[in-house]
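The values are calculated or read from the model by the stated rules, or taken from the named source; none is laboratory data. Everything numeric in this text was worked out from a predicted model, so none of it was measured. Using ideal geometry, Cβ is built from the backbone for each residue, glycine included, and neighbour counts are taken over all protein chains shown.
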Amino acid sequence: MDATHFADRFTTTLRHLRGVDLHSASDVDLRTALAHTVRAELIDTWQTTHGNPSTTPQRHVAYLSAEYLLGTQTRNALLATELTDTAREALASLGLSLDDITSREVEPGLGNGGLGRLAACFMDSLATLEIPATGYGIRYDYGIFRQTFQDGNQHEQPDTWLAHGSPWEISHPERAVTVHLGGHVDGDNTTRRWVPERHVLAIPCDYLVPGYKSHTVNLLRLWSARATDAFDLTIFNSGDYEKAVAARTYAETISHVLYPEDSTPQGRTLRLTQQYFFAAASLHDLLTRHLKAGRSLHTLPDAVTIQLNDTHPVIAIPELMRLLLDEHGLSWDDAWHITQQTFNYTCHTLLPEALEVWPLDILGPLLPRHLEIIFAINHHFLDDLRRSGADELRVRSMSLIQEHPVRAVRMAHLATVGSRTVNGVAELHSELLRTSVLAQFASYWPDRFTNVTNGVTPRRFLALANPELASLISDTLNVGDRWLKDLDLLRGLEDHVDDPAFIAAFREVKHNNKERLARTLANRDGIELNTNAMLDVMVKRLHEYKRQSLRILHVITQYAKMKNGLIDLATVTPRTVFFGAKAAPGYRLAKETISLINAVATTLNADDEIRPYLSIAFPANYNVTLAETAIPAADLSEQISLAGKEASGTGNMKFALNGALTIGTLDGANVEIRELVGPDNFFLFGMTEPDVVQRQRDGYHPHTVYEQSADLALAIDTISSGAFSPSEPGRYESLVSDWLWNDRFMALADYEDYARCQEAVDRHYANPDQWTRSAILNVARTGFFSSDRSIRDYQTRVWQRPTK
Ligand code: GPW
């Protein structure tokens with residue numbers, strides 16, 4: 001398609017779809033027409049992909065995830081279809097700017113953080129690698145809340161991403177699937193029948209996922225809840241019209257809002273309803289397709305493989321059992337064999353509070369037949385376990401049912417028992433799963449466990465986010481943009497690490513990215529960014545284990561020392577410390593940390609003497625769109641979680657690929673990043689995971705650490721003095737007392753080593769040649785972290801592994 005053709009289609013779409021001409025078109029009209037023009041291209045490709053089913057006998061991959069943090073769509077679709085230049089030229093010929101139009105696109109924020117963004121990266125790689133796949137999830141009416149700051153405190157506003165419609169969505173109300181809820185179970189010992197009380201419709205809303213320069217377009221199918229005509233027959237029959245309408249509203253709340261807790265699930269009935277709603281609708285879809293193709297249910301595991309993104313969709317396991325047993329009349333053994341060979345489970349955490357458990361008094365009333373099936377699965381499993389010689393202690397700790405503090409289903413155990421493979425998301429994490437969290441399962445079924453280290457898509461996080469670096473790479477490697485599909489080719493940059501022209505160009509790209517970020521922050525937040533300072537970035541959800549507190553304590557020490565004349569300002573390496581973080585709305589300590597960071601920012605940024613040397617930028621509402629501008633501008637990437645707590649991290653990979661150096665602990669994928677880039681190009685500090693375990697065993701007393709570290713005490717005492725809250729000196733008492741007397745994630749224990757390591761960062765940065773060399777080597781050596789590599793690993797280790 002050439003620019004004239006594109007311009008023609010665009011103006012036609014504007015007229016036919018929006019009923020406007022160029023002169024009367026609003027922003028929304030332009031954006032919508034552009035999206036539809038590009039979407040039409042994808043649909044044509046999609047129809048050729050699906051008209052010619054793959055002749056290679058590979059399994060269809062079904063990815064089940066409660067979250068997809070997609071980011072904006074238009075520029076990615078243009079990139080994938082190689083229409084960016086055409087669109088730019090076409091729009092320019094109409095007096096319009098592609099960048100203006102796309103810069104106002106709203107992102108679907110249907111996820112909380114890393115887990116949801118990983119799902120989006122995986123969808124991109126599946127299509128790019130031409131693997132037939134479907135992503136299944138929930139079309140929330142409201143995604144992750146929009147964060148605002150009022151007096152430095154976080155406030156949550158509803159995310160109205162659908163206010164102007166969603167041009168990328170194709171919804172099919174006529175293909176709705178019915179999902180059942182509640183009721184009771186009838187029948188005798190041999191035939192059980194679920195008599196549900198309520199029904200709700202699941203409407204498929206499809207998003208086309210284009211592969212980069214590939215012939216494949218896959219579907220992301222998100223389910224939206226709608227009331228059936230007879231959502232609650234008893235209420236309708238009672239003639240209470242008002243109540244009947246209220247019941248419809250209840251049905252539709254199921255897909256209303258994303259739960260904003262990241263790694264700390266809340267045991268709410270509505271959340272379990274969401275999980276079952278999308279799991280049941282997705283399985284219905286998969287089975288219908290399988291049967292329509294004339295295949296037997298016994299061949300399901302050869303045709304389809306289902307990946308469970310953490311435990312959120314794990315209720316799909318008893319649901320498939322129910323379908324096979326109750327609806328299709330299979331025997332228990334056959335149903336179990338099929339089920340267990342179809343599912344795979346990815347675990348994304350090590351935190352005990354992140355492991356989902358569903359109390360029986362929530363699960364039972366909502367899904368009575370599923371609870372029976374879970375008990376039956378447990379019965380068979382525990383029998384086998386006893387037969388293998390396990391004692392009662394072991395049986396109890398491996399049971400799918402926990403007894404205390406309340407009887408509840410352990411979803412990670414159900415997932416492990418019901419899956420063909422279980423994987424962690426980084427080497428260290430998978431090892432800790434095998435040796436601690438799921439150790440008993442790993443010794444019982446050693447072959448079931450594997451690792452797939454996470455990855456990120458270089459299309460969004462290099463080509464789109466960092467176009468200048470992308471074109472420098474293309475020019476330097478002389479392979480066109482082949483490297484975008486074969487990221488190991490970045491290794492070729494090592495040959496240029498001493499080339500002065502390349503070094504200068506690389507440095508200029510970084511500086512231009514800072515200028516771009518400065519423009520964004522000025523417009524978006526009214527924040528002024530010093531583009532001549534080192535940009536030190538910590539962006540991720542606010543969580544104690546991630547230790548934003550450690551970062552801010554160190555900033556406060558530096559500030560206090562500068563104010564007290566303990567640091568000669570003439571020797572200081574100027575820094576801007578950039579934060580982006582949302583806290584779960586009910587997470588008190590996290591919200592206090594946000595307030596403290598904002599208070600410190602206000603003080604530092606208002607101090608004319610200090611500001612040139614040390615300042616803080618903390619824009620509200622960090623999201624994928626802001627990440628795309630912030631990450632390419634970063635010099636330093638803060639990955640400072642307590643060792644053994646961050647399963648992998650994926651921001652860490654995006655920074656390294658964009659030429660930031662990491663200061664980090666030996667946690668998650670940091671371990672692999674450091675191995676690849678080399679110890680000289682990575683700032684390591686802190687306890688190792690075994691150190692942490694030992695220190696906890698010995699008894700950890702943060703107050704003693706405070707007494708022994710003058711610098712740490714200076715920071716904490718400065719807070720307590722009211723330096724950042726003059727009208728209320730005790731404002732941050734809850735944070736201070738938590739540090740001194742609890743400090744569950746041992747920020748104080750790692751403080752001194754962190755401060756020492758930050759000095760090493762300053763020295764390295766003071767030598768620009770040395771720093772740029774390290775930055776280049778970070779880019780050159782981190783091609784491993786392409787999500788294409790992750791997906792290939794899933795193919796060989798999980799999805800295409802022969803069944804039993
Ligand atoms: F708790 N992750 C996340 F494991 O973003 F479910 N949300 C979550 O609820 C969980 C994990 C869960 C993250 C991990 O914290 C991060 O380390 C990892 O890189 C990411 O998932 C993708 O695997």
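Data for the structure
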quantity	calculated
Given (1) in a loop (DSSP other than H, G, I, E, B); (2) buried (at least 24 other Cβ atoms within 10 Å of the Cβ), number of the condition Y559 does not satisfy	(1)
Residue match in region 85-95 (condition: surrounded by 18 or more Cβ atoms within 10 Å (Cβ to Cβ) and either within 16 Å of the ligand (Cβ to nearest atom) or of a type in the set (S, T, N, Q) (or both))	yes
D159 vs. criteria of a type in the set (D, E) and within 24 Å of the chain's Cα centre (by Cα)	yes
Residues located in region 567-587, provided they are surrounded by 23 or more Cβ atoms within 10 Å (Cβ to Cβ) and either farther than 30 Å from R763 by Cα or among the small types (G, A, S) (or both)	K582, A583
Filter result for T718 (within 24 Å of I556 (Cα to Cα) and either aromatic (F, W, Y) or within 16 Å of the ligand (Cβ to nearest atom) (or both))	no
Residues that are buried (at least 24 other Cβ atoms within 10 Å of the Cβ) and hydroxyl-bearing (S, T, Y), drawn from region 623-644	S637, S641
Residue within region 212-229 that is among the charged types (D, E, K, R) and surrounded by fewer than 15 Cβ atoms within 10 Å (Cβ to Cβ) present	yes
Residue count, region 756-804 (criterion: assigned to a loop (DSSP other than H, G, I, E, B) and either in contact with a Lys or Arg (Cβ under 8 Å, 6 or more places away or on another chain) or at pLDDT below 95 (or both))	5
Breaking point among (1) on the phi > 0 side of the Ramachandran plot; (2) surrounded by fewer than 19 Cβ atoms within 10 Å (Cβ to Cβ), for G71	(2)
Residues located in region 127-137, provided they are under 17 Å from D285 (Cβ atoms) and surrounded by 24 or more Cβ atoms within 10 Å (Cβ to Cβ)	A133, G135, Y136, G137
Checking D743 against (1) surrounded by 14 or more Cβ atoms within 10 Å (Cβ to Cβ); (2) over 17 Å from T557 (Cβ atoms), the condition it does not meet	(2)
Filtered residue count, region 627-659, keeping only those that are hydroxyl-bearing (S, T, Y), under 17 Å from T576 (Cβ atoms) and out of contact with any Phe, Trp or Tyr (no Cβ under 7 Å at 6 or more places or on another chain)	1
Options E372, E392, E403, E353: the member that is under 27 Å from the mean Cα position of the chain (by Cα), of a type in the set (D, E, K, R) and surrounded by fewer than 21 Cβ atoms within 10 Å (Cβ to Cβ)	E353
Neighbours by Cβ (under 7 Å, 6+ apart or cross-chain): first from region 791-804, under 21 Å from H337 (Cα atoms); second modelled with pLDDT under 95 and of a type outside the set (G, A, S)	Q800/Q58
Evaluation of Y259 against (1) surrounded by 23 or more Cβ atoms within 10 Å (Cβ to Cβ); (2) within 16 Å of the ligand (Cβ to nearest atom); (3) not charged (D, E, K, R) (one fails), failing number	(1)
Selection within region 418-436 - assigned to a strand (DSSP E or B) and more than 12 Å from the ligand (Cβ to nearest atom)	T421, V422
Residue in region 32-42 that is at pLDDT 95 or above, among the charged types (D, E, K, R) and buried (at least 19 other Cβ atoms within 10 Å of the Cβ) present	yes
Any hit, region 337-345, residues being surrounded by fewer than 19 Cβ atoms within 10 Å (Cβ to Cβ) and either closer than 18 Å to F278 by Cα or among the hydrophobic types (A, V, I, L, M, F, W, C) (or both)	no
Enumerated helices (runs of 4 or more DSSP H) restricted to region 317-403, each holding at least 3 residues that are in contact (Cβ under 8 Å) with a residue 12 or more places away in the chain and among the hydrophobic types (A, V, I, L, M, F, W, C)	332-342, 360-366, 368-387
Helices (runs of 4 or more DSSP H) lying entirely in region 438-541 (those with 1 or more residues that are under 24 Å from the mean Cα position of the chain (by Cα) and surrounded by fewer than 21 Cβ atoms within 10 Å (Cβ to Cβ))	467-477, 500-525
Pair list, Cβ under 7 Å, 6 or more apart: region 541-563 residue in contact (Cβ under 8 Å) with a residue 40 or more places away in the chain and away from the ligand (no atom under 16 Å from the Cβ), other residue charged (D, E, K, R) and not in a helix (DSSP H, G or I)	R551/E638
Residues of region 265-321 satisfying the condition of being within 16 Å of the ligand (Cβ to nearest atom), closer than 21 Å to W332 by Cβ and of a type in the set (S, T, N, Q)	none
Subset of region 164-183 [surrounded by fewer than 13 Cβ atoms within 10 Å (Cβ to Cβ) and either polar (S, T, N, Q) or in contact (Cβ under 8 Å) with a residue 40 or more places away in the chain (or both)]	G165, P173
Scope region 96-118; condition polar (S, T, N, Q) and within 16 Å of the ligand (Cβ to nearest atom); matching residues	N112
Index of the failed condition, G137 passing every other in (1) within 16 Å of the ligand (Cβ to nearest atom); (2) at pLDDT below 95	(2)
Residue within region 426-441 that is farther than 29 Å from G651 by Cα and free of Cβ contacts under 8 Å to residues at least 60 places away in the same chain present	yes
Odd one out for V671, checked against (1) closer than 30 Å to R459 by Cα; (2) of a type in the set (A, V, I, L, M, F, W, C); (3) more than 13 Å from the ligand (Cβ to nearest atom)	(3)
Residues located in region 391-402, provided they are closer than 14 Å to S443 by Cβ and in contact with a Phe, Trp or Tyr (Cβ under 8 Å, 6 or more places away or on another chain)	M398
